[in-house]
1. Leu24 - would you say it is in contact with a Phe, Trp or Tyr (Cβ under 7 Å, 6 or more places away or on another chain) and under 16 Å from Gly63 (Cα atoms)?
2. For Glu9, state whether it is modelled with pLDDT of 95 or more and over 13 Å from the mean Cα position of the chain (by Cα).
3. Could you list, in sequence order, the residues of region 2-33 that are assigned to a loop (DSSP other than H, G, I, E, B), free of Cβ contacts under 8 Å to residues at least 12 places away in the same chain and either loosely packed, with under 12 Cβ neighbours inside 10 Å or aliphatic (A, V, I, L, M) (or both)?
4. For region 34-70, name all the residues that are of a type in the set (Asp, Glu) and either within 27 Å of Arg6 (Cα to Cα) or surrounded by 12 or more Cβ atoms within 10 Å (Cβ to Cβ) (or both).
Amino acid sequence: MLLNTRTGEYHRFNEVGNLMWIELQKSHDKNVVLDRLVDQIDASRETLSSALDRFIAQLLSLGFIEEQKE
């Protein structure tokens, strides 16, 4: 569960969302995160990649993460 300090709202993730959040904290490289998720979750790489993209977009829209400038 995460607290959005701007809005005061709490956000809860499902089991896969929790794993994604944990792996995103360990690495900011999407491919590394995806490799780790493939090892942990019984789903295709394509399915997990799409789910990870949606999760990251949600985190960005909620202000929990920011895009890194290269």
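1. Numbers: in contact with a Phe, Trp or Tyr (Cβ under 7 Å, 6 or more places away or on another chain): no; under 16 Å from Gly63 (Cα atoms): yes.
Answer is no for this residue.
2. No; evaluated as a whole, the condition is false for this residue.
3. Residues satisfying the conditions are Thr5, Thr7, Gly8, Arg12, Asn14, Asp29.
4. Within region 34-70, Asp35, Asp53, Glu66, Glu67, Glu70 meet the criteria.
The values are calculated or read from the model by the stated rules, or taken from the named source; none is laboratory data. Quick caveat: nothing in here was measured; it's all calculated off a predicted structure. Cβ atoms come from the backbone with ideal geometry, glycine included; neighbour counts cover every protein chain shown.
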